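Written below as structure tokens is the structure these notes are about.
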Amino acid sequence: VAEQQIRRRTDPDQARKVAFTVAVIALSAKMAKADGMVTRAEIDAFRSRVDIPQKDIERVGEFWDLARQTPEGFTAYARQTVDLFGPRSAILEQLLDLLFTIARADGDVTDQEWAYLSEVAAIFGYDETAFKRLSDIYSGAHPPPHLVLGIAPDASLDEAKAAWKALARTHHPDQLIAAGMPEEFISAATDRLAEINNAYQTLARQIQSRTA
């Protein structure tokens with residue numbers, strides 16, 4: 001019912017964004033439930049990354065409560081996001097970032113939470129190697145800059161610059177909005193872009209120092 005209310009309030013032209021919003025809420029709530037218990041820290045983590053308009057907070061809360069009753073049923077929402085944006089798209093990576101944020105909000109990521117994240121990532125089109133890289137980036141540690149850029153540790157400055165430009169382009173908030181990401185999620189995208197920029201700047205200094 002809550003999902004239908006969210007959909008009815010939205011202009012038909014915004015149906016894609018609404019479908020994504022619904023999937024994000026459901027996947028986030030089921031992420032919080034993956035280890036059997038939803039904590040206040042997990043709810044706060046979701047709200048810190050998703051800017052829900054005041055007028056929609058009650059409806060979103062209702063849908064969250066329905067979705068968090070069980071961790072089951074998440075695969076349909078994961079596949080829905082792939083249908084909307086294509087496998088391994090920047091928007092799906094942003095969503096995985098959000099799920100990792102929720103998973104680690106109340107401490108270490110549990111085995112059940114790892115299993116949930118791994119299965120969602122597989123549906124999104126990420127193989128084990130790609131998931132390992134994303135988990136290193138988003139699991140709360142401070143990944144080395146080459147990992148953020150997805151290049152080898154001994155990459156050249158030209159390789160680092162090319163990787164940086166490609167990532168900055170695909171993860172730019174304006175690009176994600178154009179692709180269909182609702183504005184409620186843009187703050188997280190802005191944070192990701194800043195991380196990419198910082199990684200390149202750090203790595204460029206390291207390479208220049210190494211080759212000086």
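Observations, loosely collected:
- Span from the the stretch 159-188 Cα centroid across to the the stretch 144-158 one, whole angstrom: 19 Å
- Estimated 222 nm signal from helices in the chain, with DSSP H stretches of n ≥ 4 weighted -39500 (n - 2.57), rounded to 500: -22000 deg cm²/dmol
- Per residue, the convex hull volume that the Cα atoms of the stretch 61-139 enclose (Å³): 98 Å³
- For the peptides 126-134, 186-194, the ranking by mean Cβ contacts within 10 Å, running from highest to lowest, is 186-194, 126-134.
- Whichever lysines have a C-alpha closer than 27 Å to that of K161, once near sequence neighbours (fewer than 8 apart) are set aside: K132
- Evaluating 6.51 cos²θ - 1.76 cosθ + 1.60 at θ = phi - 60° for every residue in the stretch 179-184, the Karplus couplings come out as 7, x, 6, x, 5, 4 Hz, glycine and proline recorded as x.
- Using the average count of surrounding beta-carbon atoms within 10 Å as a protection proxy, the listed peptides 165-178, 85-98, 135-148 rank, highest first, as 85-98, 135-148, 165-178.
- Base-10 log of normalised Debye intensity for the chain (one unit scatterer per alpha-carbon) at q = 0.09 Å⁻¹: -0.36
- For A34, no residue has an amide H sitting under 5 Å from its own, ignoring neighbours fewer than 5 places away on the same chain, with H placed 1.01 Å from N.
- Split the accessible area of the chain by element, probe 1.4 Å, and carbon with sulfur accounts for 50%.
- Vicinal HN-Hα couplings computed from phi for the stretch 81-88 (Karplus, 6.51 cos²θ - 1.76 cosθ + 1.60; Hz; Gly/Pro x): 5, 5, 4, 6, 10, x, x, 6
The values are calculated or read from the model by the stated rules, or taken from the named source; none is laboratory data. Here the structure is a predicted model, which means the values were calculated and not measured. For neighbour counting, all protein chains shown are included, and Cβ atoms are generated from backbone atoms with ideal geometry for every residue, glycine included. Note: areas computed on protein heavy atoms with side chains; ligands, DNA, RNA excluded. Shrake-Rupley method; radii C 1.70, N 1.55, O 1.52, S 1.80 Å.
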